[in-house]
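Just below is one structure, and these are the notes that go with it.
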Amino acid sequence: ATDTLPYGVGDYFMLFGLIISIVLVIIAAFSVLSALAKSVKEAGSLITPLMMVIVLLGVVSMFVSVSPALGLFAIPLVGSGLAISGIMALTATPLAVGLAIISNVVVAAALVVLLEFMFKSERIMFKK
């Protein structure tokens, strides 16, 4: 039997790029919310709704049966879910995956800049 894997090396690289960019966005978002919190308990309560939204976006993107418009891939995290679903279904294009990765990296960078601003602001960091 000459069974071959349906996924190529490019598919694995696209998945790797998507996963890394998703992790960057989530870590940056969690960091911003944690910096806003006064305690660990408050940070947990701020992060919980974000975690639920992220899971919901992932689940919703799994049930998209039609070929999504290219613009949807530019929505951070949503586009990543659509791109991962497309890779698994062997229907993803490198352009769509690249757009999803770029949108995630841009949002992560913006959140890091916001976090830097927060750390430089004593009013935000040392509020009562």
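The values are calculated or read from the model by the stated rules, or taken from the named source; none is laboratory data. What you are looking at is a predicted structure, and each value in this text was computed from that prediction instead of being measured. Counting neighbours? That spans all protein chains shown, and the Cβs are built from the backbone with ideal geometry, glycine included. Note: areas computed on protein heavy atoms with side chains; ligands, DNA, RNA excluded. Shrake-Rupley method; radii C 1.70, N 1.55, O 1.52, S 1.80 Å.
The one condition from (1) modelled with pLDDT under 95; (2) under 30 Å from PHE119 (Cβ atoms); (3) surrounded by 15 or more Cβ atoms within 10 Å (Cβ to Cβ) that GLY44 does not meet is (3). Confirm whether SER80 is open to solvent by 40 Å² or more (accessible area, probe 1.4 Å) and either at pLDDT 90 or above or outside any helix (DSSP H, G or I) (or both). Spelling it out, it is not the case that SER80 is open to solvent by 40 Å² or more (accessible area, probe 1.4 Å) and either at pLDDT 90 or above or outside any helix (DSSP H, G or I) (or both). The residues listed here are LEU72, LEU99; of these, the one that is open to solvent by 40 Å² or more (accessible area, probe 1.4 Å) and in contact (Cβ under 8 Å) with a residue 24 or more places away in the chain is LEU99. Just to be sure before I move on: is ALA108 among the aliphatic types (A, V, I, L, M), assigned to a helix (DSSP H, G or I) and open to solvent by less than 80 Å² (accessible area, probe 1.4 Å) in the structure I sent? Yes, satisfied.
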